[in-house]
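What follows is a short report on a single structure.
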Amino acid sequence: GRPCFAAPVGRCTTADPITPGGVRPFVKVCELDELRRHGDRVHVLLGDRHVSLINHRGEVYCLDSLCYHAGGPLGIGDIEDVGGRACLSCPWHLYKVTLESGEKLYGSTRLDEATGKLVPDGVKSAGVRQRTHEVEKRADGWYVRLRLDGPHVESDKYACNDVPGIAKGRKVRGWSTEGPLVRV
């Protein structure tokens, strides 16, 4: 894929400026009614990064749209309960990623000493693999602040690729904490 801004300090896209104090602004990405109901989703190209906003049971989450594993359209995946946590299931390889933290969850197994067979051993986390972003609800719409600081996250390598099902997301060109939403 093409180069994508991930985490280096001092770099930014036109929609992700870093202010002199080092804090990225929130950017308006959609209207309130677009994420009003459970299951509503909005896919946005914010600068050069594809992100998805998802309303799950009244809580709105934002994460990189493309799966950390192979760049599949994670943002359009089904939502499943895995060990009591809401997860997106990638439609390409069925990897489970938590909406809240971007952790990969998996069903663990262990060897049963008595039978010599593998048996289920609960749900475990392989750690954060998908970058999540801050979401803020304001009177005039939904805003996102990209979280691009900190260590490299595996989804960074695919976040700027175009994938069917996600590539048609609206583009947000301008940025302002107060100004109008600019769509292209």
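The values are calculated or read from the model by the stated rules, or taken from the named source; none is laboratory data. Since the structure is predicted, the reported quantities are computational estimates derived from the model, not experimental observations. As a convention, Cβ positions derive from the backbone with ideal geometry for all residues, glycine included, and neighbour counts pool all protein chains shown. Heavy atoms of the whole protein, side chains included, go into the accessibility calculation; ligands, DNA and RNA do not. Shrake-Rupley method; radii C 1.70, N 1.55, O 1.52, S 1.80 Å.
Points to keep in mind about this one:
- Once the Cα-Cα distance is subtracted from the 0.36 nm per residue extended length, the Val123 to His93 segment shows a gain of 9.0 nm.
- Candidate aspartates and glutamates for bridging to Lys104, where Cα separation is under 17 Å - those fewer than 8 sequence places away on the same chain excluded: Asp64, Asp78, Glu80, Asp81, Asp121, Glu154, Asp156
- Within the accessible area of segment 22-108 (1.4 Å probe), percent carbon and sulfur: 46
- When each of the peptides 105-116, 79-90 is scored by the mean number of other C-beta atoms lying within 10 Å of its residues, the order from highest to lowest reads 79-90, 105-116.
- For segment 24-159, taking Cα atoms only, Rg and Dmax work out to 16.5, 61 Å respectively.
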